[in-house]
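Encoded as structure tokens, the structure appears first; notes follow it.
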Amino acid sequence: MLMAKSEVNNNRENLLLISVPLVMAASSVAGIAIGPLRHTGLLWILTFLIGAILIPLRGFRKITFPWLGWLPFYLFFGLSLFWSEMDWRNNIQIYIQMTVFPIVGVIASYTIRSEEEMAKYNGLFIFSTLLIGVFCVFFTFGPGQAIRSTHGSLYEGFADRPAATSLIVIASLFVAQFHRLPKTSVAMWSLCLGICILSASRMATIVILMLWLIHPQLASMKTRLVLTALVIAVGLAAFNTPIIQDRFFKKKYGFSGSGTIQDVLAGKFDSAGRFNAWPIIIAKSEEAPWIGHGVGQSAPFIYRVWAPMDKPHNEYLKTLYEGGYMGLCFFLVGLCSASANIVWNLYRSGRENWVTSAAFMGWAGFILMALVDNPLVYGNNFLHSVFFFVGAANGVTERMLSLRPDPQSHQAASSFNEPLAVENSVVAPIHFR
């Protein structure tokens with residue numbers, strides 16, 4: 001009876017986790033209206049509602065996801081609604097949208113209990129990658145170009161920046177499995193990198209390149225040196241492609257259309273307005289330095305000073321504006337607590353757990369992307385999967401450790417069955433029945 005109930009629970013929760021990579025792919029296309037909402041909004045609302053029902057049904061006693069580290073962040077920004085404008089779209093919706101990440105993480109920690117169970121999701125993530133690639137080609141180079149040019153919206157048709165973050169998470173999943181699926185891992189990493197270059201997403205391309213260098217299970221120094229050389233070579237080749245060159249040195253913004261790594265290091269490249277807007281946002285943040293202007297309040301201000309952008313393209317800066325020093329501190333606590341949890345799981349599992357390696361690389365991607373983008377609004381595309389990996393890593397690690405024999409018990413048990421040496425003679429072992 002207990003087994004049957006457990007299977008029913010897992011089936012329900014598996015359905016939600018199965019939807020994560022499918023929703024990821026569907027969200028790489030923007031602008032499909034369903035009533036007053038876009039389809040992307042409807043998808044995260046459904047994930048929130050289903051997850052909020054499933055967690056109480058399972059119970060809160062055995063949550064292994066590191067949610068306590070994020071609790072101060074969510075409590076503080078929930079309170080900040082009271083000193084925001086309390087607008088549904090800019091404030092309340094943004095806050096609720098952020099709460100979906102840990103919900104997915106908690107459910108993954110209940111549901112994924114072994115590497116074999118996690119591996120069952122590989123096919124779905126491969127399918128999602130192929131769909132993202134098709135959407136990228138269709139809307140960037142095919143007939144879909146007309147949709148973006150007609151509407152002029154930042155994300156009409158293919159949502160290139162959010163989709164690029166999806167590729168980071170997928171690449172992390174397969175790079176982590178290099179030891180067990182070497183050909184598939186290299187093929188999927190190459191596919192993710194290729195699509196990312198086609199989308200002209202600079203930081204995401206850099207992060208995908210770096211995954212081999214930060215992989216926690218590649219212990220050999222020789223291996224790392226070889227990979228470093230290969231990554232540098234591939235990175236230079238990617239940098240010199242016409243797509244990336246145009247993205248860094250756009251002629252319509254006064255650049256020559258091409259440049260070198262030295263130009264980038266000297267800051268002589270198109271920052272999409274970041275270098276001009278960030279000082280203005282920092283100055284405005286100083287008007288409410290400790291508690292900020294309230295969750296979601298950055299959007300209307302940034303649109304006034306940096307249209308058509310309504311986000312600062314720096315999550316740390318956005319958190320500072322909306323939550324002040326306290327909010328930024330709680331955000332960093334959440335990041336650090338989850339980072340420590342992942343590293344601790346790697347240590348406890350003896351680095352033999354590829355699910356935790358995927359979580360490690362996906363989480364590192366989150367921290368890096370937050371420097372130049374706003375991943376907290378990329379739930380469907382990015383953070384649902386990242387928190388999924390972190391939750392799964394905890395579930396797998398706890399299960400792995402529970403199946404290991406207790407060394408002390410094993411040693412005590414062995415001593416009963418070993419021959420007893422008395423001077424130069426041997427006494428037959430005593431067997432307990």
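The values are calculated or read from the model by the stated rules, or taken from the named source; none is laboratory data. Remember, it's a predicted structure, so these values are computed and weren't measured experimentally. Glycine gets a Cβ as well: all are built from the backbone with ideal geometry, and neighbour counts include every protein chain shown.
With respect to the numbered conditions (1) in a loop (DSSP other than H, G, I, E, B); (2) surrounded by 21 or more Cβ atoms within 10 Å (Cβ to Cβ); (3) among the small types (Gly, Ala, Ser), which one is the sole condition not fulfilled by Ala163?
(1)
Taking the options Tyr347, Tyr316, name whichever one is within 23 Å of the chain's Cα centre (by Cα), surrounded by fewer than 17 Cβ atoms within 10 Å (Cβ to Cβ) and closer than 18 Å to Asn91 by Cα.
So the residue among Tyr347, Tyr316 that is within 23 Å of the chain's Cα centre (by Cα), surrounded by fewer than 17 Cβ atoms within 10 Å (Cβ to Cβ) and closer than 18 Å to Asn91 by Cα is Tyr316.
Quick test of your reading of the structure: Ile244 fulfils all but one of (1) of a type in the set (Val, Ile, Thr); (2) surrounded by 15 or more Cβ atoms within 10 Å (Cβ to Cβ); (3) out of contact with any Leu (no Cβ under 9 Å at 6 or more places or on another chain); (4) closer than 30 Å to Gly78 by Cβ. Name the failing condition by number.
Every listed condition holds for Ile244 apart from (4).
Scanning the stretch 18-44 for residues that are at pLDDT 80 or above, in contact with a helix residue (DSSP H, G or I) (Cβ under 6 Å, 6 or more places away or on another chain) and among the hydrophobic types (A, V, I, L, M, F, W, C), which turns out nearest to Tyr110 (Cα to Cα)?
Checking each candidate, the answer is Val20.
Can you tell me which residue in the stretch 289-311 is surrounded by the most Cβ atoms within 10 Å (Cβ to Cβ), limited to those that are without any contact (Cβ under 8 Å) to a residue 12 or more places away in the chain and in a helix (DSSP H, G or I)?
Residue satisfying both the conditions and the ranking: Tyr303.
Can we say Ile32 is touching a Lys or Arg at 6+ places or on another chain (Cβ under 7 Å), closer than 30 Å to Gly144 by Cβ and aliphatic (A, V, I, L, M)?
The answer is yes for Ile32.
Given the criteria part of a helix (DSSP H, G or I) and crowded, with 19+ Cβ neighbours inside 10 Å, does Lys284 qualify?
Against the criterion (part of a helix (DSSP H, G or I) and crowded, with 19+ Cβ neighbours inside 10 Å), Lys284 does not qualify.
To keep it simple, each residue is scored yes or no on (1) loosely packed, with under 14 Cβ neighbours inside 10 Å; (2) assigned to a helix (DSSP H, G or I); (3) of a type in the set (Ser, Thr, Tyr).
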{"residue": "Gln217", "(1), (2), (3)": "no, no, no"}
{"residue": "Leu227", "(1), (2), (3)": "no, yes, no"}
{"residue": "Leu236", "(1), (2), (3)": "yes, yes, no"}
{"residue": "Ser256", "(1), (2), (3)": "yes, no, yes"}
{"residue": "Ser271", "(1), (2), (3)": "no, no, yes"}
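Condition test on Asp263, is it farther than 24 Å from Gly324 by Cβ, without any contact (Cβ under 8 Å) to a residue 60 or more places away in the chain, of a type in the set (Asp, Glu) and not in a loop (DSSP other than H, G, I, E, B)?
yes
For the stretch 27-62, name all the residues that are within 13 Å of Ile103 (Cβ to Cβ), surrounded by fewer than 18 Cβ atoms within 10 Å (Cβ to Cβ) and β-branched (Val, Ile, Thr).
Passing the criteria: Ile45, Ile50, Ile53, Ile55.
So that you can scan it fast, the table gives a plain yes or no per residue for (1) among the charged types (D, E, K, R); (2) under 30 Å from Tyr347 (Cα atoms); (3) within 23 Å of the chain's Cα centre (by Cα); (4) modelled with pLDDT under 90:
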position	(1), (2), (3), (4)
Cys196	no, no, yes, no
Met210	no, yes, yes, no
Ile214	no, yes, yes, no
Ala219	no, yes, no, yes
Leu230	no, yes, no, no
Val234	no, no, no, no
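Evaluate the following for Ser337: is it closer than 30 Å to Asn394 by Cα and of a type in the set (S, T, N, Q)?
It is true that Ser337 is closer than 30 Å to Asn394 by Cα and of a type in the set (S, T, N, Q).
Name the one entry in Ser339, Ser357 that is surrounded by 24 or more Cβ atoms within 10 Å (Cβ to Cβ), farther than 27 Å from Asp310 by Cβ and polar (S, T, N, Q).
Residue meeting the stated conditions: Ser357.
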